[in-house]
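Following: one structure in structure tokens, then a few remarks.
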Amino acid sequence: EPAEPAEPAEPAEPEAPKELEADAADDARAKVAEGSVQVSTTDSTINVLPTAGGRLLMSLTEGGCQHLLAGARATAGVKAGRYALELRIVETVAPREAQGGQGQGRAPPPRPLVRFGVSPAGSSLLLGDGGAEGVWFDSDGCFEAAPAPRKRLGTKFGREATIALLINLDPASPNANTVSLFKDGARYCEPQAIPEQLRGKPLFPHVTYKNVTLQVNLGGAALAPLPFACPLLGGAARDDVELAPAAEPAGPCEVVFPVGLPEQGYFDWVDSFVRQSPGHHELSDRMIAEWAAKSGVAKSRSAGGSNDRPDPKFGVPALDDGSVRRVLGHVAPMARRNFVVPELRANLLASERAAALARFPPGEFRRVAAVVMGEPPDDYKAAVRQLVLAERRAAAEAARQKAKAEEERRRQAEERTRKAEEARRDRGARRDDPEGAKEEEEKKEEVKDAAMEEDIVVELTEEEKAQWYRKLPLPDIADGVLSRHYASFTMPTKEEGFDEIVFKWQGEAECGKWLKDWVFAKKLTQRVEDIRPGESFRAAKDEWMKSVQAWRKLHSDWREPAKRKALLAKRAEAKKLAAEEKGEEVQPDPEIDIEEHDVFSVEDLSDIGNGEPLFAGFMYEDWTLLSARYEMHLLLHSFKKDLGDPDRPGFAEKDVAFYYNRYFKKTFSLKTFAVEKFDAFVELIQDTLRVGSNHGFLEPVLPEDTPIARFVMLVEDQRRDRTRRLDAGDETAELKFPRHAPAPPP
């Protein structure tokens, strides 16, 4: 009988991928001390909240802090060998967002995020903030080794997943100088190379996270054993790791309050201090704005403000309204770490310094004021020159790249035009030697490209070399804020509660004089934003308005024949009654030539002696000049009285419009008087206003108690002088003010 066919063989199970790492050999070398490898309490952002002996990491999630990344490094950096560490996302947090202001909806809640990797000591505490140091995996399933672009490796990992990071710096391993990620004990990706610039440096395990609670395992039993034997970092050989310095200061922590002047190198000094003192953490609005930007919160294009109080306009209410500053202000004094508080305006005000010192208890913090005023030392000046040179070089490079891009666009446009032209031509009508022409074009392009790739040579001008301070894109303090507070700027004193006052650039006496001179000079140029008209001004203004309204009505009636006749008849009747009461005869009015009559001898502006008012001949220009005279007179005297500062008895031309509007609630414009320069305006009312020769302040010519009638006399005297000059043929004496300008008060 024929043999039965054999049973088909069962399909073979696919072989599991072979693990790329081998079991670790026994290592008898001395190990690090127990507990020495942990999450650093100082090499971490201030919003990191460790608990359970550092095995659980939380972060602040209220008052805008939910938008800020938290970052922390371990206390041990790997120099050699192969070690692992683990973390698990215990929970995700979904903080509620506050409602925005009018026209703004509720900001979208920030999503949870974890970045897990390594970085060298002294680098940024936030992985993925745009810096060029560190390698990491993130919870989106991506890997990044700065400055290389981010790449996706797998699916996202979230809550309950145990993630292990393997750091392989073992030169004997085929996977030396790599990092790998394992999820729940299984390999998540192929080993990823550590960039050349990080090799040879101790690499500290580093986690950056937001809106999650993390369990961290640096030593002991693994949460999810790997497919090969590998020690955790907490059991590393002592020779394979570099331990960070002591986690916390031995004695009281230090808080430094820099005290300096705006636009005089304050923030460049602070930046230098922070670089040279990595143990001091900055607490300031500019730090918060930079932190939010590094955390991925987008700034508005209309961002502005000042270096002291940036206004990034994130569009997130809790970030834009200062909530983060308030939260960190409560948390910072509880942290065992050193701080620097570069609040430029606040540190110059005694009341603000007192409030800041009260937040840092004297027994727990050593409170130091660092005064940076006057002429800086040579090393600072040299650093400023280098910063300016770097700015110039960056600007030149940006200009070159822009020109290169424009040239490329032009070349591509010409290429498209050429190809379109050739397509329209008949093949036989092409040029005799197209290849030769093409080669010539390529040579020209090569020459242009070579020119664009030449090294950029930037040199400082003599003026730039002589600069003590660098000008920053934003003002150090906004003008409005500065004008309200600069007169109250003072030097810090020991009596305020400082343990030490350090004068960094010049001595105490020199700094005191420097500040005094700066304040005095500022008084000569800075306007007083918060000045308010006093009671005496309001009373004088009311009297002025009543008088000028009565005069304008009388002037209007006098110019109409019927009303003039009625006015004269009423005057004659009153004169007759007065004579009868005295038993006298009515005396005829004297003959008066109004153009020759002495204006300054008139006792009654409404009647110079024949019933005619002194201002009968006033035109629009005369009433306008009358208002200008009295209002400038009243403004200057009121400003001096309301401010009450003997160092600042007046103000300069540049602030006339501001103070005029503040006092009279209307606009001052030279166009009202048909002039372009303020000097020409002063010439029109030189009997009332002058520019002081000392500081350029405007000064009133007449004393404060000058009667209102005096100003009418001055205008009439000037009107008569113009009339005589016009009669003599001097056409320059004519005044013609535009009627579309704001009219003087009725």
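Structure values in brief
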{"read-out": "Cα-based shape type of the range 274-410, given that a ≥ b ≥ c are square roots of the gyration tensor eigenvalues and the cut on a/c is 1.5", "value": "oblate"}
{"read-out": "Helix-only [θ]222 nm of the chain, DSSP H runs n ≥ 4, -39500 (n - 2.57) each, per residue, nearest 500", "value": "-10500 deg cm²/dmol"}
{"read-out": "Pairwise centroid distance, computed over Cα atoms, of the range 272-323 with the range 675-711, Å", "value": "47 Å"}
{"read-out": "Shape category assigned to the chain from the gyration tensor of Cα positions, a/c cut at 1.5", "value": "prolate"}
{"read-out": "Accessible surface of the range 20-85 [probe 1.4 Å, protein heavy atoms]: carbon and sulfur percent", "value": "53 percent"}
{"read-out": "Prolate/oblate/rounded label for the range 126-200 (Cα gyration tensor, a/c 1.5)", "value": "oblate"}
{"read-out": "Loop sites in the range 115-218: GluC sites (Glu not before Pro), DSSP, at most 10 other Cβ within 10 Å", "value": "GLU160"}
{"read-out": "Centroid-to-centroid separation of the range 147-217 and the range 636-652 [C-alpha atoms, Å]", "value": "68 Å"}
{"read-out": "Carbon/sulfur fraction of accessible area - the range 294-358, other protein chains in place, 1.4 Å, %", "value": "53 percent"}
{"read-out": "Accessible area of the chain divided out per residue, in Å², using a probe of 1.4 angstrom", "value": "54 Å²"}
{"read-out": "Leading residue at positive end of dipole, the range 476-603 (Cβ point charges), from GLY480, GLN587, VAL599", "value": "GLY480"}
{"read-out": "Accessible-area composition of the range 510-654, carbon plus sulfur, in percent [1.4 Å probe]", "value": "52 percent"}
{"read-out": "Charged-residue dipole, Cβ positions (Lys, Arg, Asp, Glu), the chain about Cα centre, Debye nearest 20", "value": "1340 debye"}
{"read-out": "Extended-chain gain in nm, criterion 0.36 nm per residue less alpha-carbon gap, ASP499 and ARG559", "value": "13.7 nm"}
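The values are calculated or read from the model by the stated rules, or taken from the named source; none is laboratory data. Just so you know, these numbers come straight off a predicted model, no measurement behind them. Positions of Cβ are generated from backbone atoms using ideal geometry, with glycine treated the same way; all protein chains shown enter the neighbour counts. Quick note on the areas: whole protein, heavy atoms, side chains included, nothing else; ligands and nucleic acids left out. Shrake-Rupley method; radii C 1.70, N 1.55, O 1.52, S 1.80 Å.
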